[in-house]
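Have a look at the structure that comes next, please.
Taken together, the values in this text are just the output of simple stated rules run on the coordinates, not laboratory data. Treat the numbers as computed from the prediction; the structure is a model and nothing was measured. Don't worry about glycine lacking a Cβ; one is built from the backbone with ideal geometry, like all the others, and counts go over all protein chains shown.
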Amino acid sequence: MNTAIINLLRKVALIIVLAGAVASLCLVIYKSRNNNSLLLRALFVIWALLPFKALTIINIASKNWAATVRVALYILMLILTVVSLIGYIGILSPSGTKPAFVFLFIPLLSWLLIGIAVPIAASRSKKSLSKKNSV
């Protein structure tokens, strides 16, 4: 794949993740406006923002990964951000679901996907790099 396209995809993914983090922050603050506990609101904000921070850090760490693996990471970043925002808005929430459940479940699901996809991607990247070095 063309390096320029990969770099563009990387920049787009980073921008989308950062915008998603800001939108998530706003949605957490808005949906928790009736909660009087400042500590609980702060914990929800941190919990909702941590997957976005992790994706940003992983993006930085992936600069030496194989191109196909980086593209998969960028696509994961885009998908997790869009799905998170759709969930936070409440489009997919079953009726009667409290906002707190959504803001607990979506970051947990994001962590699970990151925890599964990133180690697989990193190991595949190491394998492809070692094959290139051995040839």
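Starting from the Cα of ILE15, step 7 Å along the direction of its Cβ; do the same at LEU40; then give the gap between the two resulting points in nm.
Inter-label distance under the simple model: 3.9 nm.
Restrict the search to region 1-109; then list the trypsin sites (Lys or Arg not before Pro) that DSSP places in a loop and that have at most 13 other Cβ atoms within 10 Å of their Cβ.
Values: sites: ARG10, LYS11, LYS31, ARG33, ARG41, LYS53, LYS63, ARG70; in loops: ARG33.
Listed in order of number, the matching sites are ARG33.
Cα convex hull of region 3-129: how many Å³ per residue?
Values: hull volume 12.0 nm³, N = 127.
For region 3-129, the hull spanned by Cα atoms encloses 95 Å³ per residue.
222 nm [θ] for the chain, helices only, -39500 (n - 2.57) per DSSP H run of 4+, per residue, to 500? Spell out each step's value before the answer.
Numbers: 4 runs with 112 residues, N = 135.
That calculation yields -30000 deg cm²/dmol at 222 nm.
Could I have the simple spin-label model distance between VAL82 and ALA4, label points 7 Å from Cα toward Cβ, reported in nm to one decimal?
Those two pseudo-labels are separated by 2.5 nm.
If you don't mind, there's one more thing I want to ask. Taking only the alpha-carbon atoms of region 11-69, what semi-axes of the equivalent ellipsoid follow from 5 times the gyration tensor eigenvalues under a square root, in whole Å, largest first? All intermediate terms of the calculation are to be shown ahead of the outcome.
Details: eigenvalues 180, 26, 7 Å².
Those come to 30, 11, 6 Å.
Sequence gap of 8 or more, or different chains, plus Cα separation below 24 Å: how many lysine pairs satisfy both in region 1-114?
Total qualifying Lys-Lys pairs in region 1-114 comes to 5.
A follow-up question, please. Place a +1 charge on the Cβ of each Lys and Arg in the chain and a -1 charge on the Cβ of each Asp and Glu, then give the dipole magnitude about the Cα centre in debye, rounded to the nearest 20. Provide the component values of the computation, followed by the final result.
Working: 14 positive and 0 negative charges, 84 e Å.
Around 400 debye, computed over the chain.
Helix 67-89 versus the longest principal axis of the chain: what is the Cα-based angle in degrees, 0 to 90, to the nearest 10?
10 degrees
Can you tell me the relative contact order of region 26-135? Whole percent, Cα pairs under 8 Å, sequence separation 6 or more. Write out the running numbers ahead of the final one.
On the way: 59 pairs, mean separation 40.0, N = 110.
Relative contact order for region 26-135 comes out at 36 percent.
Using only Cα atoms and rounding to the nearest 10 degrees, what angle (0 to 90) does helix 38-61 make with the longest principal axis of the chain?
Its long axis makes an angle of about 10 degrees.
Go through LEU78, TRP65, LEU92 and say which Cα lies farthest out towards the positive end of the charge dipole of the chain; charges sit on Cβ, +1 for Lys and Arg, -1 for Asp and Glu.
Farthest towards the positive end: TRP65.
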